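Student: Next up is a structure, given as C-alpha cells.
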Amino acid sequence: MHIGKYYRVLLILLPCLFVVWYFINKNEHKPIRTLPYFGPKNALGNPSLRKKINDTTYHTIPPFYFINQYNQKATEQTVNGKVYVTDFFFTTCKSICPVMSNSLERVYTKFKTRDDFLILSHTVDPETDSVPQLLEYGKFHNVNDSKWLFLTGEKKHLYEIARKGYLLNADIGSGGPDDFIHTQNFALIDKERHIRGFYDGTDSLEINHLINDINLLFEEYVYKEKNK
C-alpha cells in the first residue's frame, strides 16, 4: 500500500521535474539579443555559378596607422580582439567636444579594467593637436593607461577613415586644408572591426544606451564561446 502511494507521488512529480528541467535547459541555450550590423554588406557566393552561399560579409573598418598620446603607433592590430568605441574631436573645441569627452570618460571608467576593451579618440585638427597636447588632454580626463587612446596622424587619412571607415560623417571632403569634420557621434565596433551601433555623444541617455550595448556585445561573445 505504501509502495502504491509513493508510486502515485512519483507519477505526479516526474512531469513537474521535467517541466523545470526543460525551462532551465531552454534558457541556457536560448540565444541572447544581438546588436545589428551597420554599413554596406554583401552576400558571399560564386558569380560564375550565379549561386549565393548562405553567409554575409559585413562592412569592416579598414587598416589604419595613427600615433597615440604616448607617441606610439596605433594600427588595426591595436584593436585586434577588442570591442572599442571611437569618436572624432579636437582639444581646443569649446562646444560639443568637452561634453563628448566627459561622456567617454564615463564609458572609460566603466570598462577600463577589461583587457578586451578600448576607446579611440581621433583628432580632426592634427596641426594643433600634437602628441604632447593629446597627452595633457588625456590626463585632464584621468587617463593614465592605454585603454583610451587619443590619436593623431595625417589629416587626409583621419578624415577618410571617419567618413568611409566609421561612417560618422556623410559630408563629401578630401581632407584638404579647408575640409573640417565636426560630429558628436560615437561608433561601437566589435572584435572583428564591424560597426554595431551609433550614439550621440552629447546625450546622457544615449551614453546609457551605449554602455548597455557594450555589455550586450560582450555577452554575445560569451554566448558564442559556449555554443561553438
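Every number here is computed from the coordinates shown, using simple stated rules; none is lab data. Given the structure is predicted, the values throughout are model-derived calculations rather than measurements. Note: ideal-geometry Cβ built from the backbone for every residue, glycine included; neighbour counts use all protein chains shown.
Student: Projected onto the charge dipole of the range 64-226 (+1 at Lys/Arg Cβ, -1 at Asp/Glu Cβ, origin at the Cα centre), which of PRO98, VAL131, PHE218 gives the Cα projection farthest towards the positive end?
Tutor: PHE218
Student: May I ask you to evaluate 6.51 cos²θ - 1.76 cosθ + 1.60, the Karplus curve with θ = phi - 60°, for each residue of the range 59-71 and list the ³J(HN,Hα) values in order in whole Hz, giving x for glycine and proline?
Tutor: My calculation for the range 59-71 gives 3, 10, 4, x, x, 8, 8, 9, 10, 8, 5, 9, 6 Hz in order.
Student: Rounded to the nearest 0.05, what FRET efficiency do LYS191 and ARG106 give with R0 = 35 Å and r taken as the Cβ-Cβ distance? Could you check?
Tutor: 0.95
Student: To the nearest 20 debye, what is the magnitude of the charge dipole of the range 125-228 about its Cα centre, counting +1 on the Cβ of each Lys and Arg and -1 on the Cβ of each Asp and Glu?
Tutor: With only Lys, Arg, Asp and Glu charged at Cβ, the dipole is about 520 debye.
Student: Return the sequence-ordered ³J(HN,Hα) values of the range 180-186 in whole Hz as given by the Karplus equation 6.51 cos²θ - 1.76 cosθ + 1.60 applied to θ = phi - 60°, using x for Gly and Pro.
Tutor: 8, 10, 9, 10, 8, 7, 10
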